[in-house]
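J.: Right, I'll just put the structure down here and ask away after.
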Amino acid sequence: QVQLVESGGGLVQPGGSLRLSCAASGFTVSSWPMMWYRQAPGKEREFVATILTGGGARYADSVKGRFNISRDNDRNTVYLQMNSLKPEDTARYYCKTLRLRDTYWGQGTQVTVSS
């Protein structure tokens with residue numbers, strides 16, 4: 001049974017950093033592509049970053065140079081390191097994976113960037 005559990009969100013001041021975690025079970029994170037999405041109130045859910053099975057990463061233009069996605073195969077966990085946070089980064093952040101026709105989401109973790 002595939003499960004994704006996010007953690008690490010919270011309240012941070014502009015310019016600060018947070019590291020989000022996505023703990024996976026039921027599969028191996030190195031075998032499936034892993035993604036982070038976010039959704040702000042009143043907005044569509046949007047792509048943030050992905051790490052591919054080969055280790056390559058892709059980012060949304062809005063976070064490029066500030067966010068970094070990585071994975072720890074021993075812990076079966078994917079991370080999103082977020083630096084230089086801005087108020088517009090405030091959103092609920094979700095972990096996602098997919099295999100064939102199936103898509104799996106976590107419950108999300110809230111990130112609020114405010115002074």
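The values are calculated or read from the model by the stated rules, or taken from the named source; none is laboratory data. The shown structure was predicted, so the numbers you read here are calculated from the model rather than taken from an experiment. Because the Cβ atoms are built from the backbone with ideal geometry, glycine has one as well, and the counts that use them run over all protein chains shown. For accessibility, only protein heavy atoms count, side chains too; no ligands or nucleic acids. Shrake-Rupley method; radii C 1.70, N 1.55, O 1.52, S 1.80 Å.
J.: What number of residues in the stretch 55-90 are under 15 Å from residue 28 (Cβ atoms) and in a strand (DSSP E or B)?
T.: Final tally of qualifying residues: 4.
J.: Sticking with this one: Could you please find all residues in the stretch 24-50 being assigned to a strand (DSSP E or B), out of contact with any Leu (no Cβ under 7 Å at 6 or more places or on another chain) and under 19 Å from residue 100 (Cβ atoms)?
T.: If the condition is that a residue be assigned to a strand (DSSP E or B), out of contact with any Leu (no Cβ under 7 Å at 6 or more places or on another chain) and under 19 Å from residue 100 (Cβ atoms), then 25, 34, 35, 50 are the ones that fit.
J.: Looking at the stretch 66-85, I want the residues that are within 17 Å of residue 56 (Cβ to Cβ) and at pLDDT 95 or above and have a partner that is β-branched (Val, Ile, Thr) and open to solvent by 40 Å² or more (accessible area, probe 1.4 Å) with Cβ atoms under 6 Å, at least 6 apart or on another chain. Which pairs are those?
T.: Taking only residues 6 or more apart or on different chains, not a single pair turns up.
J.: Can I ask one more? With respect to residue 21, determine if the residue is in contact (Cβ under 8 Å) with a residue 40 or more places away in the chain, out of contact with any helix residue (DSSP H, G or I) (no Cβ under 6 Å at 6 or more places or on another chain) and in a loop (DSSP other than H, G, I, E, B).
T.: Against the criterion (in contact (Cβ under 8 Å) with a residue 40 or more places away in the chain, out of contact with any helix residue (DSSP H, G or I) (no Cβ under 6 Å at 6 or more places or on another chain) and in a loop (DSSP other than H, G, I, E, B)), residue 21 does not qualify.
J.: Any residue at all in the stretch 43-53 that's at pLDDT 95 or above, polar (S, T, N, Q), closer than 13 Å to residue 24 by Cβ and open to solvent by less than 30 Å² (accessible area, probe 1.4 Å)?
T.: no
J.: Something else: Report every pair of residues separated by at least 6 positions or lying on different chains whose Cβ atoms are under 6 Å apart, first residue within the stretch 92-113 and open to solvent by 60 Å² or more (accessible area, probe 1.4 Å), second small (Gly, Ala, Ser).
T.: Once the first residue is open to solvent by 60 Å² or more (accessible area, probe 1.4 Å) and sits in the stretch 92-113, its partners that are small (Gly, Ala, Ser) give 92/108; 110/9.
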